[in-house]
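Worksheet: one structure, shown below.
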């Protein structure tokens, strides 16, 4: 399996999409998605962009050699962020994030962004 094939498959599975559902969104055959994921065929750049949009995943992430995970399967960046802010804060943030709808979560993130930038502008 190619790295891009693995990345497409992992991203598709994270979104709980079947190969058929992804194929419909990208407007290719299911067999084509199967070939991409198995590494039998490589998508062209236009198709990578369509897949990226359908999976709401940056194209650069699909093109990475492989998702960076540690032996427990946790994304390397998440592991690093937890180390930086501490396990206690990370747990608190994640527990609260679970309680929010997608829209509420995005509004909360916007508020945090505005608070941070207001503080930065006031410090200048």
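The values are calculated or read from the model by the stated rules, or taken from the named source; none is laboratory data. This structure is a prediction, so every number in the text was calculated from the model and none was measured. A quick note on method: Cβ atoms are made from the backbone with ideal geometry, for glycine too, and the neighbour counts reach across all protein chains shown.
Summary table
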| quantity | calculated |
| --- | --- |
| Answer residue from the range 36-65, given it is exposed (fewer than 12 other Cβ atoms within 10 Å of the Cβ) and assigned to a loop (DSSP other than H, G, I, E, B) and is modelled with the highest pLDDT among those | 56 |
| Residue selected from the range 11-35 under the condition surrounded by 18 or more Cβ atoms within 10 Å (Cβ to Cβ) and touching a residue at least 24 places away in the same chain (Cβ under 8 Å), by the criterion farthest from residue 75 (Cα to Cα) | 26 |
